[in-house]
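Trainee: This is the structure I want to talk about, given as structure tokens.
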Amino acid sequence: MKIYISLNNGVLVCHSTKPLEKKRFILMSIAPTLIFAVIPYVFWAVFFVNMGYIGTKVLSYCAFPFIFGVGDYINIVNTIRQVPKGGFVVNSGFHSYWFHHKE
């Protein structure tokens, strides 16, 4: 698993070229949205919902990861629909492939 960080360009990417189980691949794909959108949104709903300007800024921070995660959502939907139980997923460039692991 590789993590690419380019703060000057605003990029933080987690990418794996190794075979991952179906469930682990789905978790890897949804993790950025959970960390950067869902958790801050819950935090906003509990602490900042009635805070005016600060609350608006925190809420707007939560919106962007939901929008920019669309590629991850497509990967998740395709994985759920196409990869059978017990399958493994491998990324190669912009493409994802699945296979069954032979024992």
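The values are calculated or read from the model by the stated rules, or taken from the named source; none is laboratory data. Just so we're clear, the structure is a prediction, and the values are computed from it rather than from any experiment. Here the Cβ positions follow ideal geometry from the backbone for every residue, glycine too, while neighbour counts run over all protein chains shown.
Trainee: In the list HIS101, HIS95, which residue meets the criterion of being in contact with a strand residue (DSSP E or B) (Cβ under 8 Å, 6 or more places away or on another chain), under 24 Å from PHE25 (Cβ atoms) and at pLDDT below 85? Let's see the steps before the verdict.
Mentor: Details: HIS95 fails: in contact with a strand residue (DSSP E or B) (Cβ under 8 Å, 6 or more places away or on another chain).
Unique residue meeting the criteria: HIS101.
Trainee: Moving on. Of all residues in segment 10-34 being surrounded by 12 or more Cβ atoms within 10 Å (Cβ to Cβ) and aliphatic (A, V, I, L, M), which is modelled with the lowest pLDDT?
Mentor: Selected residue: LEU12.
Trainee: So, one more: Taking only pairs six or more apart or across chains, which ones have beta-carbon atoms under 7 Å, a first residue in segment 14-25 that is closer than 13 Å to GLY86 by Cβ, and a second residue that is small (Gly, Ala, Ser)?
Mentor: LYS22/GLY87
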